[in-house]
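In what follows, a single structure is set out as structure tokens and then discussed.
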Amino acid sequence: MIRVVASFLLVLTFFAETAAQADDGHAAKSVVERLQSGVFGVLKQAKKLGVEGRYRQLLPVLTRDIQMTLMTATASGTFWRKGSKEQRKRAVKAFGEMHTALLAGLFDSYNGETFRTVRSRPTGGKIVLVDSEFFDGDGESTFVTFVTASIRGRWWVIDVIIANGISEVKVKMNEFRRLLIDGGLDNLSAALERKKQRLLSGEEKAKR
């Protein structure tokens, strides 16, 4: 967790106006709750929408509140800095669409799931952690921490950590490494696009 936050802070230096204030826990909490309300709104129509419909409705929800550029940059490491503006743009688009397709595949039914925000935890720096709890239809809960940051005047989700475990960005760092070594951002973008298509077609099953 500490290493991932440090990586985010390093990449944040490339983004203007990132300073967080001590009272921004409420703003960070609000963006997390808006994101989750949007996701659950789609989840409640899961069967009716089908995977393609879920994908189309989730995409604007996720890209509105998740900082896909920062997540892609952090997960890509030094390859991000080596890429051109156009290569970076394609990589961000491919990452956001693949991530959305993955959630569209995972959220294939609604069985009374709910969520609640537990607390927000300012770090004293540029990041606020928002702890939430998710309940499945049987009442079993999963603890989730949303990592948020203030970027250019507004708050974004920049990572998700499930059950005090490995972060989403850390997982992507590991998954992307070989793709980036083999062909940089262009290879990564192509691989993410193929994965998106496999998920939407049902050729590949979404896994948590």
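Just a few scattered comments:
- Criterion applied to 142, 69, 63 was being at pLDDT below 95, polar (S, T, N, Q) and either within 24 Å of residue 43 (Cα to Cα) or out of contact with any Asp or Glu (no Cβ under 7 Å at 6 or more places or on another chain) (or both), and the one residue passing it is 142.
- Selection of segment 145-164 for residues being more than 15 Å from the chain's Cα centre (by Cα), part of a strand (DSSP E or B) and among the aliphatic types (A, V, I, L, M) yields only 151.
- Restricting segment 22-64 to residues that are in a helix (DSSP H, G or I) and of a type in the set (Asp, Glu), the residue that is surrounded by the fewest Cβ atoms within 10 Å (Cβ to Cβ): 52
- Residue count for segment 36-95 under the criterion of being over 18 Å from the mean Cα position of the chain (by Cα) and charged (D, E, K, R): the result is 8.
- Segment 166-208, subset of a type outside the set (Lys, Arg) and assigned to a loop (DSSP other than H, G, I, E, B), residue nearest to residue 75 (Cα to Cα): 166
- Filtered residues of segment 104-121 (kept if touching a helix residue (DSSP H, G or I) at 6+ places or on another chain (Cβ under 7 Å), in a strand (DSSP E or B) and of a type outside the set (S, T, N, Q)): 115
- Selection within segment 51-81 - aliphatic (A, V, I, L, M) and in contact (Cβ under 8 Å) with a residue 40 or more places away in the chain: 51, 58, 59, 62, 66, 70, 71, 73, 75
- Single residue of segment 145-176 satisfying the filter (among the polar types (S, T, N, Q) and within 23 Å of residue 40 (Cβ to Cβ)) that is surrounded by the fewest Cβ atoms within 10 Å (Cβ to Cβ): 164
- Matching residues in segment 174-208 - criterion: being modelled with pLDDT of 95 or more and hydrophobic (A, V, I, L, M, F, W, C): 176, 179, 180, 181, 185, 188, 190, 191, 192, 199, 200
- Residues of segment 117-144 that are surrounded by 12 or more Cβ atoms within 10 Å (Cβ to Cβ), farther than 19 Å from residue 167 by Cβ and either over 21 Å from the mean Cα position of the chain (by Cα) or touching a residue at least 12 places away in the same chain (Cβ under 8 Å) (or both): 135, 136.
- Set side by side, the residues 124, 96, 137 differ, and just one is among the small types (Gly, Ala, Ser), out of contact with any helix residue (DSSP H, G or I) (no Cβ under 9 Å at 6 or more places or on another chain) and within 25 Å of residue 54 (Cα to Cα), which is 137.
The values are calculated or read from the model by the stated rules, or taken from the named source; none is laboratory data. Nothing here was measured: the structure is a model prediction, and the numbers come from that model. Reconstructed Cβ throughout: ideal geometry from the backbone, glycine too, with neighbour counts over all protein chains shown.
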